[in-house]
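Here the structure is laid out as structure tokens; the discussion comes afterwards.
The values are calculated or read from the model by the stated rules, or taken from the named source; none is laboratory data. Keep in mind that what you see is a predicted model, and the values were worked out from it rather than measured. Positions of Cβ are generated from backbone atoms using ideal geometry, with glycine treated the same way; all protein chains shown enter the neighbour counts.
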Amino acid sequence: MDGLTAGEQRELQSRMEKKQMKEFMNMYSNLVQKCFNDCVNSFESKSLTSREESCVMRCVDKQMKSSQRLGDRFQEQNAAMAQQGGLPGR
Amino acid sequence: MDGLTAGEQRELQSRMEKKQMKEFMNMYSNLVQKCFNDCVNSFESKSLTSREESCVMRCVDKQMKSSQRLGDRFQEQNAAMAQQGGLPGR
Amino acid sequence: MDGLTAGEQRELQSRMEKKQMKEFMNMYSNLVQKCFNDCVNSFESKSLTSREESCVMRCVDKQMKSSQRLGDRFQEQNAAMAQQGGLPGR
Amino acid sequence: MSFLFGGRPQVSSEQKIAQAEAEIDMVSDMYNRLVQSCSKKCIDSAYREADLNKGESVCLDRCVAKFFEVNVKVSEKMQGEAQQKQGGGMFGM
Amino acid sequence: MSFLFGGRPQVSSEQKIAQAEAEIDMVSDMYNRLVQSCSKKCIDSAYREADLNKGESVCLDRCVAKFFEVNVKVSEKMQGEAQQKQGGGMFGM
Amino acid sequence: MSFLFGGRPQVSSEQKIAQAEAEIDMVSDMYNRLVQSCSKKCIDSAYREADLNKGESVCLDRCVAKFFEVNVKVSEKMQGEAQQKQGGGMFGM
């Protein structure tokens, strides 16, 4: 991202905002699908059992905490790597 | 989708047509891959066995009926939810 | 791709180059994820064990050879099919 | 999923169209995920018959209802947390 | 997969290019799916050696042939049904 | 992953932006894959509790470190081979 002029950075910024919206929607859908897949396994009725519902609630909580933690570590590693001059060969 | 002018609706419509083509191709590829994965498990020869071939045929039939049924239910649920005013918070 | 003028072919060519870059990045990421998933299963420490590392190295080698071979066969089949006049119904 | 789209005041035509497009993309993505999940949970992969049998059909119908219910629960939960945090990023990135 | 693209008469340059692009995207998507499926079915995930052994190589070759055959069968079947229905949507959406 | 982007001399504004965009897309794609892989390897899918327990937290941290290490190893290996072959295509397509 080095070497962009201010105008180029602004254009990039605006494209990034569209991407962020997409990323957020993608994470939301992943969360719904993952917690559905992991928690809902009986199809005796068309409503969630209370057991399934509380599994889904804990799943959402845990998965979001997990993403958060992974994101923090990911950024640390990325920063550390940038300081060492990027992946070997840059 | 409320609040678009006629011109905006036309532009949206035209983008949707391109998307539909993509969606169709994606469903087709999913069908090929799923039925291949589920039905083809022996690699003793380079042609499908008759057993594999008839499994693939039944798989395509069943998966298409399944998608159709899921699509019907999905639209009903979506319509019901729109009547209740969308997902909570709209 | 038949029936395009030279100008249209040039435009298509330029779009293809962007796609190739994306395809390459996608294959690279697939490789990292697949070899990580298949080779790394212990989390007793934060560094790769020598056993995991050599598994990753062999995995990359083997997966690349496999993609290469699959690509060769894929192109042969595609060519053979084009000669027969494409998929039935063209 | 409309809570995702209700936030900012929209201005230009392009923005309005882009938002409608995003909403349609989201619905279509959800449908694809539902097909994936419900086929896996309800359809016997031995494919002994070409038609959906009674059990599979009922399972598919209930699967859609439950998938929607999970969608609503997750959406309510995330809205609640977004209101608590007010403007803070919800994810690690 | 050409039956998917043979339908409408093409007019503008942009449409012709878009169609060619769609056809290339489809081939490239199929290749990616084939790599995914055939690697899973043929390659031992213990990776005891860096080279493909004889069994794996033969398995990969046959896997490609069978994948193409499935593609042809599915395409023939869907064309047949599309002709029967004539213009009706094939999917639930 | 920068070795992928260092090759050609860049000219126009659009190319520079496109390259920056590609680099960001790659990082974001890697993050998504890491979330997928590390959740699967570290989080018990029974969800008996809403909080990450000690074991899961430690596992996630180490998982990120190991994922990065694999990324570096793969990148080094492919660079080495690219230099040997010089300009030849690396894949079958």
Subset of region D:80-93, residues surrounded by fewer than 15 Cβ atoms within 10 Å (Cβ to Cβ) and either modelled with pLDDT of 95 or more or not in a loop (DSSP other than H, G, I, E, B) (or both), comes to D:GLY80, D:GLU81, D:GLN83, D:GLN84, D:LYS85
Check on A:ARG10, touching a Phe, Trp or Tyr at 6+ places or on another chain (Cβ under 6 Å) and without any contact (Cβ under 8 Å) to a residue 24 or more places away in the chain
no
Counting just the residues of region C:62-74 that are surrounded by 18 or more Cβ atoms within 10 Å (Cβ to Cβ) and facing chain F (nearest Cβ under 8 Å), which one comes out farthest from F:PHE67 (Cα to Cα)?
C:PHE74
Taking the conditions exactly as written (of a type in the set (A, V, I, L, M), touching a residue at least 12 places away in the same chain (Cβ under 8 Å) and either assigned to a helix (DSSP H, G or I) or buried (at least 16 other Cβ atoms within 10 Å of the Cβ) (or both)), does B:LEU48 satisfy them or not?
no
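Suppose the filter is more than 8 Å from chain A (Cβ to nearest Cβ), within 23 Å of A:VAL40 (Cβ to Cβ) and either of a type in the set (D, E, K, R) or part of a helix (DSSP H, G or I) (or both); does F:LYS77 pass it?
On the way: more than 8 Å from chain A (Cβ to nearest Cβ): yes; within 23 Å of A:VAL40 (Cβ to Cβ): no; either of a type in the set (D, E, K, R) or part of a helix (DSSP H, G or I) (or both): yes.
In short, no.
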Residues of region C:19-41 being within 11 Å of chain E (Cβ to nearest Cβ), over 18 Å from F:LYS41 (Cα atoms) and of a type outside the set (A, V, I, L, M, F, W, C), which ones?
C:LYS19, C:GLN20, C:LYS22, C:GLU23, C:ASN26
Hey, among F:ASP44, F:ASP25, F:ASP51, which residue is surrounded by fewer than 16 Cβ atoms within 10 Å (Cβ to Cβ) and touching a residue at least 12 places away in the same chain (Cβ under 8 Å)?
F:ASP44
Meets criteria (loosely packed, with under 15 Cβ neighbours inside 10 Å and more than 11 Å from the chain's Cα centre (by Cα)) for D:LYS66:
no
Is one or more of the residues making up region A:19-33 small (Gly, Ala, Ser), at pLDDT 95 or above and surrounded by 14 or more Cβ atoms within 10 Å (Cβ to Cβ)?
yes
Subset of region F:28-40 (residues that are closer than 19 Å to F:ASP61 by Cβ, among the hydroxyl-bearing types (Ser, Thr, Tyr) and free of Cβ contacts under 8 Å to residues at least 24 places away in the same chain)
F:TYR31, F:SER39
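Among B:ARG58, B:ARG51, B:ARG10, which is under 18 Å from the mean Cα position of the chain (by Cα) and not polar (S, T, N, Q)?
Values: B:ARG51 fails: under 18 Å from the mean Cα position of the chain (by Cα); B:ARG10 fails: under 18 Å from the mean Cα position of the chain (by Cα).
Exactly one residue qualifies, and that residue is B:ARG58.
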Residue under evaluation B:THR49, criteria (1) in contact with an Asp or Glu (Cβ under 9 Å, 6 or more places away or on another chain); (2) within 14 Å of E:LYS73 (Cα to Cα), criterion not met:
(1)
Select from region B:1-15 the residues that are in contact with a helix residue (DSSP H, G or I) (Cβ under 7 Å, 6 or more places away or on another chain) and part of a helix (DSSP H, G or I) and write down the one among them that is surrounded by the fewest Cβ atoms within 10 Å (Cβ to Cβ).
B:ARG15
Search result, residues across region D:1-43 that are modelled with pLDDT of 90 or more and more than 9 Å from chain B (Cβ to nearest Cβ)
D:MET26, D:ASP29, D:ARG33, D:SER37, D:LYS40, D:LYS41
